[in-house]
Amino acid sequence: MNYFSLNNNSPKVTFKEAVIRGLAPDRGLYFPENITPIPREFVKNLENYSDEEVAFEAIKQFVGDTIPKKTLQGIIKETLCFDFPVVPIEDGVFALELFHGPTMAFKDVGARFMARCLGYFNKDQKDQEVTVLVATSGDTGGAVASGFLGVEGVDVVILYPSRKVSDIQEKQLTTLGQNITALEVDGVFDDCQDMVKTAFLDADLKQAKNLTSANSINVARWLPQMFYFFSAYKQLKLQGKAENIVFSVPSGNFGNICAGMMAHKLGLPVKHFVASTNINDTIPEYLKTGIYQARPSKPTISNAMDVGDPSNFVRIQKLVNNDITKLKNLFSSYSFADKETKRALRYLYKSTGYIADPHGAVGYLGLREYSKDKRDGMGVFLETAHPVKFLDVVEKTLGVTVAIPEQIQTVIDKEKKSIRISDYSGLKQFLIGN
Ligand SMILES: *Cc1c(COP(=O)(O)O)cnc(C)c1O
């Protein structure tokens, strides 16, 4: 099984090369050459298999023979070390909670899976360490730091904008030590992102370092997110409620929802996908007008989705062979302003007792919008972060105090360690000097 670049101007590569490279040399995203549905009998009997067996069945063709079966099963076991419960909210509506991992954000699964794959690929080349370089506006950095902590042969360098991430997020990035270094940048997220992009194109660095990325453009971070959708389906099937499932996914870079659509391509019975966004509405606009117009991102209270040019959307288009009519049959996208998100947070709390986070609330709104005039089947919105990660907004909007979970408390008490840089030369110096 090979991957090709969606810019069509790079050699085909194996899963291993795709993971190590991140992005193809022509700057395109890697996409699997073949997608084979999993056996129908297997899907029909999904509830009789363990989550690990289901995950293995879903991912094995994408890994090919680059990782032996036993090793891959071990990686899956370590990746699925926490639950993704489907929680009933109101009649026919469920929240799929993806925040029970070590950093309480759904990116934990992808980060852990990728870290272990990279650790395996690099085990024979200890002399040639891989450096994972990642820019974060908050959640990605913590998940990557935690996922890669202690993985041999892999160094992780995280760039984050000084004073622009929450205290909890900053602690999650800066307190782990070992193979994780946090670079605190005088600037905004876009500055961090630009520095990372420049580094990937820098010939001197290419000589000195083996650099890769750890955002959802990397196939090893993107594909394991399929597990969520299989797990939700299995849980609902066990309750006899798996007919006509609609998934609403709070979306920023559209990696998570794209993984759900890949699961559907493999044969998972899903009726429809809703990509719910905040006012960064490039995709809802595209569906309305047929014109894709990337824009600078605007800040919102669901800031992990403040993305104006979602990188994974090209993969979604490829999944439907670039046919917008076909896309609209399976996929809708709606955008919501912060005011509506806060109203949804309040509604959910007052009428169901559920404390959502702003991202989950956007997901809930998308589900409501989609099923406004049709009420059949089951709606599942993905709750991508624990409300404690957006403490200010949630507590102010609801007038409640959110209890701090143990994972977070442990981190808050640790000491921050970061290296300050102000421009690209600072990053380069750091990378070459290490
Ligand atoms: C990253 C993130 C998202 C968006 O996921 P994409 O795969 O980029 O669409 C949504 N919610 C939270 C909490 C996130 O951290």
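The values are calculated or read from the model by the stated rules, or taken from the named source; none is laboratory data. These numbers come from a predicted model, not from an experiment. Because the Cβ atoms are built from the backbone with ideal geometry, glycine has one as well, and the counts that use them run over all protein chains shown.
Has region 247-256 got at least one residue that is in contact with a strand residue (DSSP E or B) (Cβ under 9 Å, 6 or more places away or on another chain), within 16 Å of the ligand (Cβ to nearest atom), farther than 26 Å from Gln193 by Cβ and not basic (Lys, Arg)?
yes
Residue-by-condition table, conditions (1) within 27 Å of Thr175 (Cα to Cα); (2) without any contact (Cβ under 8 Å) to a residue 24 or more places away in the chain; (3) assigned to a helix (DSSP H, G or I):
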| residue | (1), (2), (3) |
| --- | --- |
| Tyr354 | no, no, no |
| Gly360 | no, no, yes |
| Gly379 | no, no, no |
| Lys389 | yes, no, yes |
| Glu395 | yes, yes, yes |
| Val400 | no, no, no |
| Ile404 | yes, yes, no |
| Gln409 | yes, yes, yes |
| Leu427 | yes, no, yes |
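Just give me the residues in region 132-155 being within 22 Å of Val188 (Cβ to Cβ) and in a helix (DSSP H, G or I), in sequence order.
Selection gives Asp139, Thr140, Gly141, Gly142, Ala143, Val144, Ala145.
May I ask you to say which residue of Thr212, Thr175, Thr181, Thr198 is hydroxyl-bearing (Ser, Thr, Tyr) and surrounded by fewer than 15 Cβ atoms within 10 Å (Cβ to Cβ)?
Thr198
Kindly check whether there is at least one residue in region 206-217 that is in contact (Cβ under 8 Å) with a residue 40 or more places away in the chain and touching an Asp or Glu at 6+ places or on another chain (Cβ under 6 Å).
no
Filter region 370-397 down to residues that are away from the ligand (no atom under 16 Å from the Cβ) and either more than 26 Å from Met226 (Cβ to Cβ) or touching a strand residue (DSSP E or B) at 6+ places or on another chain (Cβ under 7 Å) (or both), then give me how many there are.
Residues flagged as away from the ligand (no atom under 16 Å from the Cβ) and either more than 26 Å from Met226 (Cβ to Cβ) or touching a strand residue (DSSP E or B) at 6+ places or on another chain (Cβ under 7 Å) (or both) within region 370-397 amount to 12.
Restricting to region 161-218, name every residue that is in contact with a Phe, Trp or Tyr (Cβ under 7 Å, 6 or more places away or on another chain), in a loop (DSSP other than H, G, I, E, B) and among the hydroxyl-bearing types (Ser, Thr, Tyr).
Ser216
Does Ala275 qualify as being buried (at least 23 other Cβ atoms within 10 Å of the Cβ) and either within 12 Å of the ligand (Cβ to nearest atom) or at pLDDT below 95 (or both)?
Yes.
Based on what the data block shows, is Ser333 at pLDDT below 95, surrounded by 16 or more Cβ atoms within 10 Å (Cβ to Cβ) and either within 19 Å of Ser251 (Cβ to Cβ) or in contact with a Phe, Trp or Tyr (Cβ under 7 Å, 6 or more places away or on another chain) (or both)?
It is false that Ser333 is at pLDDT below 95, surrounded by 16 or more Cβ atoms within 10 Å (Cβ to Cβ) and either within 19 Å of Ser251 (Cβ to Cβ) or in contact with a Phe, Trp or Tyr (Cβ under 7 Å, 6 or more places away or on another chain) (or both).
For residues in region 290-323 being at pLDDT below 95 and not in a loop (DSSP other than H, G, I, E, B), which is nearest to Ser248 (Cα to Cα)?
Met305
Surrounded by 15 or more Cβ atoms within 10 Å (Cβ to Cβ), touching a strand residue (DSSP E or B) at 6+ places or on another chain (Cβ under 6 Å) and at pLDDT 95 or above: is that true of Tyr3 in this structure?
yes
Test of understanding: among Asp373, Asp323, Asp413, which residue is touching a Lys or Arg at 6+ places or on another chain (Cβ under 9 Å) and of a type in the set (Asp, Glu)?
Of Asp373, Asp323, Asp413, the one residue that is touching a Lys or Arg at 6+ places or on another chain (Cβ under 9 Å) and of a type in the set (Asp, Glu) is Asp413.
Is there a residue being touching a residue at least 60 places away in the same chain (Cβ under 8 Å) and within 11 Å of the ligand (Cβ to nearest atom) anywhere in region 324-332?
Among the residues of region 324-332, not one is touching a residue at least 60 places away in the same chain (Cβ under 8 Å) and within 11 Å of the ligand (Cβ to nearest atom), which makes the answer no.
How do the pairs read when you match residues in region 110-126 that are crowded, with 23+ Cβ neighbours inside 10 Å with residues anywhere that are part of a loop (DSSP other than H, G, I, E, B) and at pLDDT 95 or above, using Cβ under 8 Å and keeping only pairs 6 or more apart or on different chains?
Cys117/Ile67
Among the residues of region 398-415, count how many are more than 16 Å from the ligand (Cβ to nearest atom) and surrounded by fewer than 18 Cβ atoms within 10 Å (Cβ to Cβ).
Summing the residues that are more than 16 Å from the ligand (Cβ to nearest atom) and surrounded by fewer than 18 Cβ atoms within 10 Å (Cβ to Cβ) in region 398-415 gives 12.
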